[in-house]
Each structure stands twice: as C-alpha cells, then as structure tokens.
Amino acid sequence: MEYQQATVGAFFLPEHGYFAQNAITQLAIELEERGLEPQGHTQRIVRLCESIGNMLGLHNESMEALIHAAYLHDIGKMMLPTKLLLKPDTLEPAEWDIIKTHAKWSAIIAAAIPSVHPRAVAAVLHHHERWDGTGYPSYLSGEQIPIESRVLAVCDVYDTLVSKRAYSRAWSPHNALAEIQSRRGEHFDPKVVDAFLERALGKFTFAS
C-alpha cells in the first residue's frame, strides 16, 4: 500500500496560496472536502479546544498553538490511502500502523507553514499520546505530553465519538461523556477531563 506522496507537493505550490495567513483553515477545509473527516469536525474541535484552554487558563501563546493544532491535527491523513481511512471493517495490524503515521505527517506539514505557531507542531505530533504512556508516536506520559496535545486529545476523541464515521455509529453525548470520564488518568490528563466535564455540564453546548 503506497502513500499518496505526490499529493503533498500540490499543497505547497505558491498559486494555491497555502502559505498565506489562511493556510491553516484552507488545509482543514481540504480535509473535510475530501471526506476524510465529517463536515464541521474541525470547527467543532477548534471551539472545544478554545473553550477548555480558556478554562485551564492557558497563556496567549499556548492558546494560539492550541487553536492552530486543532485545525491541523489530522491533515496528515491526506498523505494516506483514502480507501484505508474509510475502510468500514476492522483494520489489520499493518494497516493500523499506517494510520498511526498521520500524526507525523501532520506535524511535517504543519512545520512547513510559516504562520503556524512552533508549539503547534509538537501539539499535533503528540495528540495521540496517552497519560499512561501507551500512546503514539513517542510513548510520552503525564506532563511530558504538551498541554496543547492533552487538551486536543480529549476534544478530538469526544467529537469522534459523537460523529458518524465510515467505521462506526455516532454515540450519544451522554455516552461519549461517560467514556471520556472512564479514561481519566489512563488515556487523558485528569485536569483536562475535569475541565471538559465541567464545561459540558455547564453552559457549553456540544453540537455534532
């Protein structure tokens, strides 16, 4: 199975305008237009990350990096075979290994965009790490994981659960929140989960 390496060059042609200030949002829109993410996924992640980041009191630079990472965390999927990303059946181990490379591809592409905050590159690379150290790609644990990645991880998993995918049905918000809570201290940073649940039970409306 070959990566779609010819595609990446097109992202960075000057006439495409991807190095302009709107490069970040353009790439996110491209991802959804190709059907690699549900429509509206990126904007929902951005709103969630902004809300939780503010609750946690992240400083301005961290918030900027978090928002950039929210837009770009999955753009590496454009480097992978579409039929694999949209496969409705259970992935084989070798296929799953390919899927996991999207985090590195996303970081590579993000790093090539001058307007992206430098902290966002690490945030993108490590948003699939787990609090207990069993994630990927670097098996980081606890506070070794960038705070932006830890926030993004919770928001991304929540929206993934409540969105219909080629390989899964949408969960109810109630069940998705229960799942997030069950992974507290294992998959997710406990303080991020606490902020997320507080927001969910308060004034924020999670719309899918």
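A short reminder: the numbers here are calculations on the coordinates, not readings from a lab. Keep in mind it's a predicted model, so treat the numbers as computed, not measured. FYI the Cβ positions are ideal-geometry reconstructions off the backbone, even for glycines, and counts take in every protein chain you see.
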- Task: Would you list, by chain and number, the aspartates and glutamates whose Cα falls below 14 Å from the Cα of residue 100, excluding same-chain residues fewer than 8 positions away?
- Result: 74, 92, 129
- Item | residue 99 versus residue 30: modelled label distance in nm, points set 7 Å from Cα along the beta carbon direction | 2.3 nm
- Excluding residues on the same chain fewer than 8 positions from residue 104, give the lysines whose Cα lies under 23 Å from its Cα. 77, 83, 87
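Could you line up 117, 68, 174 from fewest to most neighbouring Cβ atoms inside 10 Å? Present the calculation step by step, with values, prior to reporting the outcome.
Details: 117 19, 68 25, 174 10.
Lowest to highest Cβ neighbour count: 174, 117, 68.
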- Cleavage-rule hits (trypsin sites (Lys or Arg not before Pro)) in region 97-167: DSSP loop, at most 14 neighbouring Cβ within 10 angstrom: 164
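Please arrange 63, 78 by how many other C-beta atoms lie within 10 Å of their C-beta, fewest to most.
Details: 63 19, 78 22.
With the sparsest Cβ surroundings first, the list reads 63, 78.
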- Message: Just want the ordering: 42, 134, from fewest to most Cβ atoms lying within 10 Å of their own Cβ.
- Response: 134, 42
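What do you get for chymotrypsin sites (Phe, Trp or Tyr not before Pro) in region 114-202 restricted to DSSP loop and a cutoff of at most 16 other Cβ within 10 Å of the site's Cβ?
Hits after loop and neighbour filter: 139, 167.
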